1. Check Val181: other-chain or 5+ apart residues with amide H under 5 Å from its amide H, H built from backbone geometry?
2. Can you list the HN-Hα couplings for the range 234-250, worked out from phi with the Karplus curve (6.51, -1.76, 1.60; θ = phi - 60°), rounded to whole Hz and with x for Gly and Pro?
3. Using a Gaussian network for the chain with springs between C-alpha atoms less than 10 Å apart, which of these wobbles most: Phe87, Phe182, Phe195?
4. Could you check which residue among Thr171, Thr326, Thr54 shows the biggest mean-square fluctuation in a GNM of the chain with a 10 Å Cα cutoff?
5. So who's got an amide H within less than 5 Å of the one on Cys121, skipping anything under 5 residues away but keeping other chains? H placed 1.01 Å off N, in plane.
6. If the limit is 31 Å between Cα atoms, which of Lys76/Lys380; Lys213/Lys246; Lys76/Lys365 go over it?
7. Taking the chain as a Gaussian network, Cα atoms linked when under 10 Å apart, which of Arg52, Arg84, Arg70 shows the biggest mean-square fluctuation?
8. Suppose we take every Cα in the range 132-195 and form the convex hull; what volume per residue is that in Å³?
Amino acid sequence: MDRVNATTPSAPADEPARAAFAALRTPEGEQLLAELRDHDPADELAAATRLRRTHPAELVSAALGQARLRQRAVAKFGAEDAYRMYFTPNGVEQATRTSVAAHRAARFAGLGVRSVADLCCGIGGDALALARAGISVLAVDRDPLTAEVARANAEALGLEDLIEVRCADVTEIDTSPYDAVFVDPARRGGRGRIFDPEAYSPPLSWAAAAALKAPRAALKIAPGVPHEAIGPEAEAEWISDGGDVKEAVLWYGEGFAPGAFRATLLPSGATLTAPAPLPAPPVGPVGRYLYEPDGAVIRAHLVADIVERCGGRLVDETIAYVTSDTRYSSPYVSGYGITDRLPFNMKKLKALLREREVGVLTVKKRGSAVEPEELRRRMKLSGPHSATVFLTRVAGAPTMLIGHPLE
Ligand SMILES: C[S@@+](CC[C@H](N)C(=O)[O-])C[C@H]1O[C@@H](n2cnc3c(N)ncnc32)[C@H](O)[C@@H]1O
């Protein structure tokens, strides 16, 4: 494949950054990056002074900046890849983490997709995962430096035969030769995060139209996207990793279920789906057990499904805590045995925790404005035992539920 195909002239303002990046990829730059691999950011000034004795100052600054970005990228890409890859500040911020990108690539590969047009590829978080799933990728970004970084990443991970990087506006790309399209619009502008899907670059409506033209497509969106912004043609999937919701993706085409909502939990890959929005679940008194659904389940509006599976009810119609009298175990919830239920009252809670000799308190809250740190400070905890307190509303009333995680 032709790996270098720059169709957008570089903006002059971008030149110094591109020159600095090119210098980093020389043997001298690579040697500096290798030296800085395990450096302590607190000693950056000392490292800069030392390295400037033997290397040009500009190269040292570029290497220190890249070393910092690599350290930040470890959380998304793991140390092994992050220390071989290259980043820009926006690129690392906006890149898809490997776990989520690999999940998405596996869904495409499982349906026989062999080629994908990755529209808005950034530094290549998704393109790399797609290539590792054996898919050949056209990776497009209109920012010249970002496209160069994506190309360098494909080479650094030995995936250059599967990834063609093109610097272009995605609206100019003919996607007809590809089995599928993936779009990850920029959701950050000069003033930070963009919440209006029509202000994304490119806008969500353009991305959805591009998705509908392709045999199959995926569109990455913010997890908080209003459900009304999701068209009936898409299957919507919310993905959490380690209990934190990372993103939502809209799937289009054969093999996906239009109108369905799905919650997928990584790293297990456990996935829960309902063909259409579920009816409102029942609400009732707090039972022996409390279940806290994973954030992806909540975002996908699948709490009613959990209520049905555990034969339970909500503690309040507006709160995503599920309660039941029977013990239920599932990857989609964290379960707790409830020992006490009290109207919200700090003094009573303090007395109860002292009586139970609670020294370690986990504070969970839904529908309460209390700050967990402040609460813990006021409790003056001491003792050998631990407990969990839920600050919430039960049938509209501010309530404290005390309990312990189920094994
Ligand atoms: C959210 S990032 C993509 C992150 C990528 N999926 C990853 O995992 O690394 C969005 C990218 O879209 C690019 N972009 C925005 N509008 C574009 C357009 N009209 N054409 C091409 N690229 C565009 C930005 O330069 C940015 O790099």
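1. Counting only residues 5 or more places away or on other chains, the set is Ala117, Arg216, Ala217, Ala218.
2. With the stated coefficients, the range 234-250 comes to 9, 8, 9, 10, 9, 10, 10, 9, x, x, 9, 6, 9, 6, 10, 9, 9 Hz.
3. Phe195
4. Comparing Thr171, Thr326, Thr54 in a Gaussian network model of the chain, the most mobile one is Thr54.
5. Val140, Asp141
6. Values: Lys76/Lys380 37 Å; Lys213/Lys246 27 Å; Lys76/Lys365 27 Å.
Violating the 31 Å limit, Cα to Cα: Lys76/Lys380.
7. Greatest mean-square fluctuation among the candidates belongs to Arg52.
8. Details: hull volume 7.7 nm³, N = 64.
It comes to 121 Å³ per residue, whole-number rounded.
Readers should treat all values here as calculations from the given coordinates under stated rules, not as data from a laboratory. Since this is a predicted model, take the numbers as computed values, not measurements. We place every Cβ from the backbone using ideal geometry, glycine too, and count neighbours over all the protein chains shown.
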